[in-house]
1. At residue 35 and residue 72, where each label point lies 7 Å from the Cα along Cα→Cβ, what is the point-to-point distance in nanometres?
2. In nm, give the distance between the simple-model label positions of residue 58 and residue 7, each being 7 Å from the Cα along the Cα-to-Cβ direction.
3. Whenever you get a sec, compute what percent of the accessible area on segment 1-67 sits on carbon and sulfur atoms (1.4 Å probe).
4. Taking the Cβ of residue 4 as the centre, find all other residues whose Cβ is under 11 Å away and add up their charges (Lys, Arg: +1; Asp, Glu: -1).
Amino acid sequence: FDSFADTFDEKLVHGLGYKVPQLIGDAVRELGQEIYGAALDAGCGTGLAGRFLRPFVRDVLVGVDASPKMLKIASKCTMAHGCGSKDDSTLDGNDDPLYDKLMVMDLEEMTL
């Protein structure tokens, strides 16, 4: 995914109309879900889902991905600025980082 990181969100969201992270955030909001103390975004990629998950996480939101380049993009994500997308549509004006911690894990090392 490193070779695809720079255009990942642009192609997924704008090219293919990918809306799963937004739909999940909308569903959690509609269900009146409680605020979680902490959450893990496994396979966070560029952090696209974090923009929709962050409002439901009070403290630590951790992103994990196998691609260092995806994590580099995710590390710049805020609620006010799109992650890997050129579209800076905002969910609110908060410019704090989305993720408290980001980690890269080699999938071969994680095999049980």
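1. 3.4 nm
2. For residue 58 paired with residue 7, the spin-label model returns 4.4 nm.
3. Numbers: 2290 of 3860 Å².
For segment 1-67, the apolar C and S fraction of the accessible surface comes to 59 percent.
4. Values: positive: 11, 69; negative: 2, 6, 9, 10.
Taking every Cβ under 11 Å from that of residue 4, the sum is -2.
The values are calculated or read from the model by the stated rules, or taken from the named source; none is laboratory data. Given the structure is predicted, the values throughout are model-derived calculations rather than measurements. We place every Cβ from the backbone using ideal geometry, glycine too, and count neighbours over all the protein chains shown. Side chains included, ligands, DNA and RNA excluded: accessible areas come from the protein's heavy atoms. Shrake-Rupley method; radii C 1.70, N 1.55, O 1.52, S 1.80 Å.
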